[in-house]
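Enquirer: Here you go, one structure.
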Amino acid sequence: MKDLQRRLREDGVFVRAVLLAFERDAFLRRIAWRNVWRNGRRTVVVVIAIAVGIAGTVLSMAINFGMVVQMVETAIATDLGHLQIHARGYEDDPGLARRLDDGGRMGIAALDVAENVTAWAPRVRSDGLLTSPRASAGVSVLAIDPEREARITVLADSVTQGAYLDGEKRRILIGEALAERLRVRLGSKVVLSATDVRGDLAGEAFRVRGLFRTPSSELNRSTVYLQLEEAQRLFAMGDAISELAVRTADRDRVVGLQRHLVEELGEGVEVRNWEQLAPLLVYFVDMFDQMAWIVYAAVFIAMAFGIANVMLMSVFERTREIGVITSIGMSGPRVVAMVTWESLFLVGVGLVAGFVLSATGLFLLRDGIDLSRWGEGLNSMGVPSTIVPVVRTKDLVAPTVVAAVTGILAGLWPAVRASRARPAEALRHV
Amino acid sequence: MLELRLAWRNVWRNRRRTGLTVAATVFAVTLVVVFVAMAAGLHEKMIEDAVRLQSGHVAAAGRGYFEERTLDQFLELDQELFDELDGAPGVLGWAPRVISFGLLSKDTDARGVGVLGVDPERESSVTTLAGRLKRGDFVSAEASRGIVLGERLADNLDADLGDVLLLFSQSYSLETAYDLFTVVGVIKFPDITMDRSVAVISLADAQAFFAYEGRASEVAVLAKDADHAAAVAASLRTAIDGDAQVDVRTWDKLMPDLVQFIFIDDAGMYIMLVILVVVVGFGILNTILMSVLERTRELGVLLALGLRPGAVFRLVYVESLLLAGVGLLIGLAIGIPIVLYLQANPIPLGGDLAQATELFGMDPVMTWKLKPMNPIGSCITILGVAALAAFYPALKAARGRPVDALRSV
Amino acid sequence: MRWIRVPLLLLLLGTGIPSAADEFPPLSEGPDATEIARKQENVLRGDSAYMEATMTIESPRLPAPRVVTMRNWDDRRNKRSFVRILAPTKDAGTGFLMKRPNLWMFVPRVERTMRIPPSMMLQSWMGSDFTNDDLVRESSQLDDYDHNLLGVDPAPPGHEGKRAWVVEFLPHEDAPVVWGRIVSWIEQEHYSPLRQEFYDEDGVKLRVFELGDIRESQGRWFPHRWSMQPLDKNGHRTTLEIRTIRFDEIFDDSIFTTRNLKRTER
């Protein structure tokens, strides 16, 4: 017991001495800095270990988060928008019976003055049957204001043949897959039959203006786009609309906007954000995120291992040298302080190199990793086939902290051991 | 041989250095083995759950059925087909189904539904359909005009156990088909659309209802696992012996969405693994380089004593491969039992994740799966990385000039 | 398809026989094509009609054609119609009541009435090539087409010895018609249609609709046999033989009720 107390006391004294030397002794700092560059090879090895570790972690996090971001952004930019406003009851029982009268005027008025709103677009949604001379298919009808829609979704860019809707009458956009099924092509005439708001069956002719391909195979197979006025006429719904889709400047502040709109618009409407509109997507993202953390952890540990290894070895290698230094009179705590400064400098240089390497990697991957080279038709889950890495601040901070702490701790242990060894013993060390 | 003996002795001379290098390798190997097994387990589970939910590993149907899905495409359920199914190697179970659609009504208003006619006993040998029952019973084997509804469908029809529903459709013989069915059970389909629109009746009822005696829309086949699907499909194709009227498909063709999700997930994981292996590879490179630098003097002595540079190169190379090899063996020795344990004892998921997983029709457990390619791939990767990593240090050692080397500390 | 319509109107699928539509030299002068088309339509339609008919469905599914016998009360003026199936035995008594926009069906064996949801309106009716919607849709329209007189054919296929106008129907751009054009042979004497060919916009013939057995009925010369054949589906054909038809009947309101649906003795 006494023995233990004595040792603890001694350790306390030792640590204080190290801290004192570390803090006060500018001379040690200078020597340490010189030592870093005296042994160039060792420095290079340590710096490589840290740089590769940092770059590996940063890149893997960026790629992973990039996948998540892209999944969400794709869904938002393909169809969802950030918010949707419907008439009350639409969620439980979607259909033409739930509609916003007056073209959603109240909602639009609120959106026009609300903060964080960059664009809104009116839509009509219903079901119908699309007939060609040879076949017919059940379809979801989505009627849009082409100009406004272009500010919410990337539909205009998804058109692979022909052109986007531009106000020309009786034009329809259909998916490439649907065109194949109906055996129609650009310019073909199709008839859309649907039940109008009175329950009457209505039919109108359209010509295929453009074929599109989106990341959603569901859209490609069974959604058709019309111009808003034409759908309002077909469904005999006057100037009513089914929904207002909203895009915001800042996705993270969507909930605030949602609350504001609910207050503003009252009981008559439902306001749902993209997370509520696509719960499966959110589940996917959560799942992905959790899996990603396991992988991050692995890369973290691998990085820490690599850094610890070289730091341990580089200090053990110097057992003999440290023995020489202590034997000529440098105190143990000062030796430890010096080695710690060295580790700090090494880690610092390594981190800088790591950031440079990460930045280079991110720059090289700025256009994304194109998975479609390895697999065809990756679209159906709404997963984009090109992954563009996205860096978050916390993904930079975490590896930096882990690398620095590991590097310094791994340098400290052998230094303490060497400094406490009797000089004779240390000198005998190879 | 000399190098091998020398190298082996060198490896054990410096325990600490060896320990560190080996530890890094062990860590990498263990990680790779566990991760790959985790992904394989997850994916296999997704496949198996989907397969057991509905599709089977392999499905046989009349030619054109998979595109058209009408009563026009059918399989003749004759003894010949039964023999072929029973005789095909790798077939663990098979279940014939009649699939069509109809109008279902409790009162006046009717709803369009998908009608699934199944043989309950056979169906259980392939899918877990009957196990998803929320209340009541599953359909019985004989024609008894019992109907099992998806939960949301039952809600929408305002129907419950004991209610008598009118099912109306068109039979194969183009006659109006209608009959009264009693709700015997309510089932929970994980897929919302199915839950809203599928009604299950017995195969015998379906055949009578649709004038489809002796016929089925498709036969779902269960194989040992997804990896055996292609072989089973091939043996089935052989068994039916080029019958142009039968189309045999494997699960990946039946569920392309799933294949794509797995591909994306795999791609993400392999990108991560590549980064992990690069990080670990540099760790190995660093430790070997350090050990070479540390031994500059010693290697210089060897060169001074007349050992040829080639021999020194080989010595260092063999040493690092030995290090990696030892690490590899220990890594596999740790990783494989972990995976085998997890494979035998899946980890149950809790909370939100469990709920969400059930949405997809999956059991809320996390499973692992050790495939032979996993340890083999790990060996090749790690040895390959070690071989690459050792190249530069070995070259450096062989290139050292004895005089300089001896002068170094 | 909607442009042609008889009491029990039908959507038809066609099969084809080579057409010679393009071979007729245009007449330098002659009757107005639209006038011919109007007269043709007048032959086929009336404000109301009672009809007894047999529908024969041929399909590769069937070893022998399926024959359905029915009665139909069609009150076009009030947009309502009633159908009772008489044969085959299995379907006898089944009734359909159409009152736009609704369609009810009654099945006698289980004594239930069911309203067919709008989403199912485009499904096949009674296994034929007609859809439920064809039963309730309003007749269309001379107005959906432009008409050109292609010429005179002294011997239209199946009607040797008769002279027929060959009129081309070109749908208006915004008409809800998928066809590129329809070529119709119209008998010169009574303006009864004899044959119609349906083309897609690429000029591929997809359906042939043939009419025959033109007899006088209540002073009208009316085709009593209609036959539709889709050319892209082998072995399909739906033929309607009208055994009795009475035009311009006055119907009692009680016919078009769900209660009447259940009165199977009718």
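Enquirer: Taking strands (runs of 3 or more DSSP E) that fall entirely within region A:175-256, which contain at least 3 residues that are closer than 30 Å to B:Phe261 by Cβ?
Expert: Filter on region A:175-256 gives A:201-212, A:223-227, A:243-248.
Enquirer: Is it true that some residue in region A:345-361 is more than 30 Å from B:Leu276 (Cβ to Cβ), away from chain B (no Cβ under 11 Å) and buried (at least 22 other Cβ atoms within 10 Å of the Cβ)?
Expert: No, there is no match, as no residue in region A:345-361 is more than 30 Å from B:Leu276 (Cβ to Cβ), away from chain B (no Cβ under 11 Å) and buried (at least 22 other Cβ atoms within 10 Å of the Cβ).
Enquirer: Of the residues that sit in region B:34-48 and are more than 10 Å from every other protein chain (Cβ to nearest Cβ) and surrounded by fewer than 23 Cβ atoms within 10 Å (Cβ to Cβ), which one is nearest to the chain's Cα centre (by Cα)?
Expert: Looking at residues that are more than 10 Å from every other protein chain (Cβ to nearest Cβ) and surrounded by fewer than 23 Cβ atoms within 10 Å (Cβ to Cβ), I get B:Glu44.
Enquirer: Moving on to the next point. Would you list the helices (runs of 4 or more DSSP H) that sit entirely within region B:190-261 and hold 3 or more residues that are modelled with pLDDT of 80 or more and over 17 Å from the mean Cα position of the chain (by Cα)?
Expert: B:192-197, B:203-209, B:229-240
Enquirer: Filter region C:40-69 down to residues that are assigned to a strand (DSSP E or B) and more than 12 Å from chain B (Cβ to nearest Cβ), then give me how many there are.
Expert: 8
Enquirer: Got a sec? Which of B:Val29, B:Val58, B:Val11, B:Val51 is touching a Leu at 6+ places or on another chain (Cβ under 8 Å) and within 14 Å of chain A (Cβ to nearest Cβ)?
Expert: Answer to the check: B:Val29.
Enquirer: Same structure again: Inspect all residues belonging to region A:37-59 and state whether any of them is away from every other protein chain (no Cβ under 14 Å) and under 30 Å from A:Ala337 (Cβ atoms).
Expert: yes
Enquirer: So, in region A:172-202, exactly how many residues are among the small types (Gly, Ala, Ser), without any contact (Cβ under 8 Å) to a residue 60 or more places away in the chain and surrounded by 20 or more Cβ atoms within 10 Å (Cβ to Cβ)?
Expert: Number satisfying all stated conditions: 3.
Enquirer: List, please: which pairs have Cβ atoms under 6 Å, are six or more places apart or on different chains, and start with a residue in region B:286-302 that is closer than 16 Å to A:Leu312 by Cβ and more than 8 Å from chain A (Cβ to nearest Cβ) and end with one that is buried (at least 22 other Cβ atoms within 10 Å of the Cβ) and not hydroxyl-bearing (Ser, Thr, Tyr)?
Expert: B:Ile288/B:Ala390; B:Ile288/B:Pro393
Enquirer: What pairs come up if the first residue lies in region A:1-19 and is among the aliphatic types (A, V, I, L, M), the second is surrounded by 11 or more Cβ atoms within 10 Å (Cβ to Cβ), and their beta carbons are under 7 Å apart, counting only those six or more places apart or on different chains?
Expert: A:Ala17/A:Pro333; A:Val18/A:Pro333; A:Val18/A:Val336; A:Val18/A:Ala337
Enquirer: Now for a separate question. Determine whether region C:91-110 contains at least one residue that is more than 10 Å from every other protein chain (Cβ to nearest Cβ), surrounded by fewer than 21 Cβ atoms within 10 Å (Cβ to Cβ) and either within 29 Å of C:Asp213 (Cβ to Cβ) or modelled with pLDDT under 75 (or both).
Expert: Within region C:91-110, one or more residues are more than 10 Å from every other protein chain (Cβ to nearest Cβ), surrounded by fewer than 21 Cβ atoms within 10 Å (Cβ to Cβ) and either within 29 Å of C:Asp213 (Cβ to Cβ) or modelled with pLDDT under 75 (or both).
Enquirer: Among the residues that make up region B:264-286, is at least one of them within 17 Å of B:Ala398 (Cα to Cα), aliphatic (A, V, I, L, M) and in a helix (DSSP H, G or I)?
Expert: yes
Enquirer: Take region C:172-202 and flag every residue that is in contact (Cβ under 8 Å) with a residue 12 or more places away in the chain, among the charged types (D, E, K, R) and within 14 Å of another protein chain (Cβ to nearest Cβ).
Expert: Passing the criteria: C:Arg181, C:Glu197, C:Asp200, C:Glu201, C:Asp202.
Enquirer: Which one of these does C:Phe209 not meet: (1) under 22 Å from A:Ser193 (Cα atoms); (2) surrounded by 18 or more Cβ atoms within 10 Å (Cβ to Cβ)?
Expert: The one condition C:Phe209 does not meet is (1).
Enquirer: Further question: Look at A:Val124 and say whether it is more than 25 Å from A:Thr195 (Cβ to Cβ) and either more than 14 Å from chain C (Cβ to nearest Cβ) or in contact (Cβ under 8 Å) with a residue 24 or more places away in the chain (or both).
Expert: Considered against the rule, which asks whether it is more than 25 Å from A:Thr195 (Cβ to Cβ) and either more than 14 Å from chain C (Cβ to nearest Cβ) or in contact (Cβ under 8 Å) with a residue 24 or more places away in the chain (or both), A:Val124 comes out as no.
Enquirer: Okay, moving on. Mind checking which residues of region B:58-90 are more than 23 Å from B:Ala204 (Cβ to Cβ) and either in a loop (DSSP other than H, G, I, E, B) or not aromatic (Phe, Trp, Tyr) (or both)?
Expert: Our first condition is that a residue be more than 23 Å from B:Ala204 (Cβ to Cβ); within region B:58-90, this holds for B:58, B:63-64, B:66-68, B:87-90.
Of everything in region B:58-90, those that are more than 23 Å from B:Ala204 (Cβ to Cβ) and either in a loop (DSSP other than H, G, I, E, B) or not aromatic (Phe, Trp, Tyr) (or both) turn out to be B:Val58, B:Arg63, B:Gly64, B:Glu67, B:Glu68, B:Gly87, B:Ala88, B:Pro89, B:Gly90.
Enquirer: Kindly indicate whether C:Leu8 is within 14 Å of chain B (Cβ to nearest Cβ), modelled with pLDDT under 50 and buried (at least 21 other Cβ atoms within 10 Å of the Cβ).
Expert: no
Enquirer: For region C:79-93, check the following and say yes or no: at least one residue is within 30 Å of A:Thr195 (Cα to Cα), part of a strand (DSSP E or B) and out of contact with any Lys or Arg (no Cβ under 9 Å at 6 or more places or on another chain).
Expert: No: region C:79-93 contains no residue that is within 30 Å of A:Thr195 (Cα to Cα), part of a strand (DSSP E or B) and out of contact with any Lys or Arg (no Cβ under 9 Å at 6 or more places or on another chain).
Enquirer: Still on this structure: May I ask you to list the residues in region A:150-203 that are polar (S, T, N, Q) and facing chain C (nearest Cβ under 9 Å)?
Expert: The answer is A:Ser188, A:Ser193, A:Thr195.
Enquirer: Give me the residue from region A:204-235 that is within 14 Å of chain C (Cβ to nearest Cβ) and of a type in the set (Lys, Arg) and, out of that set, farthest from C:Pro176 (Cα to Cα).
Expert: Going through the qualifying residues, I end up with A:Arg209.
Enquirer: Does B:Val339 meet the test of being β-branched (Val, Ile, Thr) and under 30 Å from A:Asp286 (Cα atoms)? Step through it out loud before you land on a result.
Expert: Working: β-branched (Val, Ile, Thr): yes; under 30 Å from A:Asp286 (Cα atoms): yes.
So B:Val339 fits the description; yes.
Enquirer: Could you check how many residues of region C:177-199 are touching a Ser or Thr at 6+ places or on another chain (Cβ under 8 Å) and over 15 Å from C:Trp221 (Cα atoms)?
Expert: 5
The values are calculated or read from the model by the stated rules, or taken from the named source; none is laboratory data. Please read these numbers as outputs of a predicted model, since none were measured by experiment. Ideal geometry is used to build each Cβ from the backbone, glycine not excepted, and the neighbour counts take in all protein chains shown.
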